[in-house]
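Some notes on the structure that comes next.
The values are calculated or read from the model by the stated rules, or taken from the named source; none is laboratory data. Only a predicted model underlies this, so the values are computations on that prediction, with no experimental measurement involved. Please note: Cβ atoms are built from the backbone with ideal geometry, for glycine as well, and neighbour counts cover all protein chains shown. Each accessible area value is taken on the protein alone, full model and side chains, heavy atoms only, with ligands, DNA and RNA left out. Shrake-Rupley method; radii C 1.70, N 1.55, O 1.52, S 1.80 Å.
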Amino acid sequence: MIKTRTEAREEKIRKIVETYYELIKEKGYNHASIRDIVKRTNISISSIYNYFPNGKSDILKRSFKYFSDDIFNLKLFLEKN
């Protein structure tokens, strides 16, 4: 299946957020860097700043959205079953 441009963009954003979350768990917020994300994902630093102009704080905000959405969807699933 061919991905649309929007799907590819969202996939990259999700990859950045998930990688950053893992780095925070390993190193802590103050020691996890954008360069660490670049090394792990092979996504360019300019692309990361294109998606997240304020760097780490924007990535962290997006991670809260993803994880709260995941928790909400899990809650809905559990309520149905």
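I'd like to verify a number: residues in the range 42-66 that are aliphatic (A, V, I, L, M) and exposed (fewer than 13 other Cβ atoms within 10 Å of the Cβ), how many?
1
Step by step: first the residues of the range 67-79, then only those that are charged (D, E, K, R), over 15 Å from TYR21 (Cα atoms) and modelled with pLDDT under 75, then the one that is least open to solvent (accessible area, probe 1.4 Å). Which residue is that?
Among residues in the range 67-79 that are charged (D, E, K, R), over 15 Å from TYR21 (Cα atoms) and modelled with pLDDT under 75, the one least open to solvent (accessible area, probe 1.4 Å) is ASP69.
Would you check which residues across the range 28-41 are in a loop (DSSP other than H, G, I, E, B) and surrounded by 14 or more Cβ atoms within 10 Å (Cβ to Cβ) and list them?
ALA32, SER33, listed by residue number.
List, please: which pairs have Cβ atoms under 6 Å, are six or more places apart or on different chains, and start with a residue in the range 4-27 that is closer than 19 Å to SER57 by Cβ and part of a helix (DSSP H, G or I) and end with one that is open to solvent by 70 Å² or more (accessible area, probe 1.4 Å) and modelled with pLDDT of 95 or more?
So the pair list comes out as THR19/ARG40.
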